[in-house]
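A.B. asks: Got a structure for you, written out below as structure tokens; questions coming shortly.
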């Protein structure tokens, strides 16, 4: 699908160093520290550090190897969905991709709305802000919607500006967060009684969980509970899909920015660096916020009264609100500086998600005919997604916790599909020569099979625990499928010609001669195998009183993948006696192929007569057959296509049915 030059500028003219792309992806990944500690305590209680450790292990030994493989297989930036697309064919291919696009849309849209809602929670909780603004600006809903509108406006300004700002935000936020987490850890280490209190509480089975999945105490019970509840913490695994989707922006080498091998290597380095940095921060932040020590457990509860640390655990420490004197630097001023950095990176996390959406949607839906043509353009998409963000925020009442399930569901389904695609891809590659290569292949298959099982378990556990996530995702998927089918129906009678391809040079030359000659008057679509061409010619000449001197061209159309939208038939031409036979292979629609060829043959001569037999069958069945399989009532469809394409009736080929 072609894009306006201005829109292409945003997508294709820039190549960035890996650390710039890491910051763009990092605003999504690292910003989850703004709300991850609160959600971790809500899901795992004082077992949050142990559940977080399991999450980190799954990230480093599951998600990271999977997405390293995905990066290696998709240097064009199609990501895991592009890998899945290659595993299926026909309409199954389209349905699977549309469902995954629905989950990805859930992930990216909720990333924006949840991050903006948490930014609003930080802003509204700040005493300086509350003292300076009118009452209506203290509403989290108003602030969240304002941040989302600002994000959309910034994206309308341009993509390259976004990347530059991401670098500043990530460095500032991680630096300030390192001070907060580092000071908290130092206080815990220098006051061992706090850690002893935490360990004794766990030993006694007091986990601060409303409904512990396993009752009792002891090491195995603790590990069992942590393994069961860690999927609730899966928000901390976001960012990987965004990383591989931005690979096409990555600079290869200075001499050759488009070098694919260098791009892959740089993207893998990006993923590993981001995962290691985030792992340190996740474990550190869970120790200082989720142990009922520096932050009392009651301050991290939603009920009966929302605690002061809810949705802003690290900011709670930065403001010096902890009952413990952690650091003399902490207080209103430092806390406000930390709030500003947190608000900006949370708001800006939407930029990373928006970049993912703007890369993903034009790649699939318009190509399938399952979105209007404007969906391939940059600015209309930004406006459309901003409107969707506002609607989702209103539906969730700008509540951070309420959106956690949908976010985790979107993230985990994409990771699970990436793991499955990786396993299938490795299994389908040709086996290496006997020896260590075969053993390595078998080991890799076993390893990724186990990774798939872990992600499948994590996804299912999250869906069971937070069914609202799959409900929200189902709404997104339903909307994507419904809009896709409506668009496909609406656009079904577009001419849809991508190009003519040719079986060989001889076919190209004969086709060119036929088109330039302009003397061919009769085109007869022919189904091979039913009757010989000589019998068909005799019948056509008798029924339609065509004199022997008028040459007839026969056309045989052979289907390709009829679920595709754009038509690029492979043309072959041969001469049999006094007539020519044109064959068109790999066609998505019989009607479109006939109309496209007839228009091309008419360019240099008088209009053709296209002679058909009757199409028999129920009208509804014929319409569905045309929409889904490119067949149906071919003569009437050809008439409609030619009427739309050629305004002048005197220059339009004539369709004759008999």
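A.B. asks: Say whether the condition of being in the same structural domain as residue 346 (by TED's automatic domain parsing), at pLDDT 90 or above and surrounded by fewer than 24 Cβ atoms within 10 Å (Cβ to Cβ) is met by at least one residue in segment 287-295.
C.D. replies: So far as segment 287-295 goes, yes, one or more of its residues are in the same structural domain as residue 346 (by TED's automatic domain parsing), at pLDDT 90 or above and surrounded by fewer than 24 Cβ atoms within 10 Å (Cβ to Cβ).
A.B. asks: Another question, if that's okay. Do the conditions hold for residue 253, that is, is it without any contact (Cβ under 8 Å) to a residue 40 or more places away in the chain and not in a helix (DSSP H, G or I)? Spell out how you get there, then give the answer.
C.D. replies: Working: without any contact (Cβ under 8 Å) to a residue 40 or more places away in the chain: yes; not in a helix (DSSP H, G or I): yes.
In short, yes.
A.B. asks: Next up: How many residues are surrounded by fewer than 18 Cβ atoms within 10 Å (Cβ to Cβ), free of Cβ contacts under 8 Å to residues at least 12 places away in the same chain and part of a loop (DSSP other than H, G, I, E, B) if we restrict to segment 296-315?
C.D. replies: Here the count works out to 4.
A.B. asks: Further question: Where in segment 525-626 are there strands (runs of 3 or more DSSP E), lying fully within it, with 2 or more residues that are at pLDDT below 80 and in the same structural domain as residue 638 (by TED's automatic domain parsing)?
C.D. replies: Numbers: elements: 552-559, 570-576, 579-587, 609-612.
Fully inside segment 525-626 and qualifying: 570-576.
A.B. asks: Do we have any residue at all in segment 316-330 that's in contact (Cβ under 8 Å) with a residue 40 or more places away in the chain, assigned to a helix (DSSP H, G or I) and buried (at least 19 other Cβ atoms within 10 Å of the Cβ)?
C.D. replies: Yes: one or more hits.
A.B. asks: Next question. Considering only segment 218-250, state which residues are surrounded by 14 or more Cβ atoms within 10 Å (Cβ to Cβ) and without any contact (Cβ under 8 Å) to a residue 60 or more places away in the chain. Give the derivation first.
C.D. replies: As a first pass, look at segment 218-250 and keep what is surrounded by 14 or more Cβ atoms within 10 Å (Cβ to Cβ): 221-250.
If the condition is that a residue be surrounded by 14 or more Cβ atoms within 10 Å (Cβ to Cβ) and without any contact (Cβ under 8 Å) to a residue 60 or more places away in the chain, then 221, 224 are the ones that fit.
A.B. asks: Residue 438 - would you say it is assigned to a helix (DSSP H, G or I), farther than 30 Å from residue 44 by Cα and touching a helix residue (DSSP H, G or I) at 6+ places or on another chain (Cβ under 6 Å)? Don't jump to the end; show me each part of the working.
C.D. replies: On the way: assigned to a helix (DSSP H, G or I): yes; farther than 30 Å from residue 44 by Cα: yes; touching a helix residue (DSSP H, G or I) at 6+ places or on another chain (Cβ under 6 Å): no.
Judged against the criteria, residue 438 is not a match.
A.B. asks: For segment 416-435, name all the residues that are at pLDDT below 70 and either surrounded by 11 or more Cβ atoms within 10 Å (Cβ to Cβ) or part of a helix (DSSP H, G or I) (or both).
C.D. replies: Hit for segment 416-435 is 432, nothing else.
A.B. asks: While we're on this one: Test residue 484 against the criterion of being assigned to a helix (DSSP H, G or I) and surrounded by 14 or more Cβ atoms within 10 Å (Cβ to Cβ), and give yes or no.
C.D. replies: Numbers: assigned to a helix (DSSP H, G or I): yes; surrounded by 14 or more Cβ atoms within 10 Å (Cβ to Cβ): yes.
For residue 484, the condition - assigned to a helix (DSSP H, G or I) and surrounded by 14 or more Cβ atoms within 10 Å (Cβ to Cβ) - is met.
A.B. asks: Just the residues that are out of contact with any helix residue (DSSP H, G or I) (no Cβ under 6 Å at 6 or more places or on another chain), within 28 Å of residue 151 (Cβ to Cβ) and modelled with pLDDT of 85 or more, please, taken from segment 297-333.
C.D. replies: Answer for segment 297-333, where residues must be out of contact with any helix residue (DSSP H, G or I) (no Cβ under 6 Å at 6 or more places or on another chain), within 28 Å of residue 151 (Cβ to Cβ) and modelled with pLDDT of 85 or more: 316, 332, 333.
A.B. asks: Give, as residue ranges, the helices (runs of 4 or more DSSP H) completely inside segment 101-201 that count at least 3 residues that are within 26 Å of residue 396 (Cα to Cα), modelled with pLDDT of 85 or more and touching a helix residue (DSSP H, G or I) at 6+ places or on another chain (Cβ under 9 Å).
C.D. replies: Details: elements: 127-132, 140-157, 159-190.
Counting at least 3 such residues, we get 140-157.
The values are calculated or read from the model by the stated rules, or taken from the named source; none is laboratory data. Owing to the predicted nature of the structure, the values given are computational and were not obtained by experimental measurement. For neighbour counting, all protein chains shown are included, and Cβ atoms are generated from backbone atoms with ideal geometry for every residue, glycine included.
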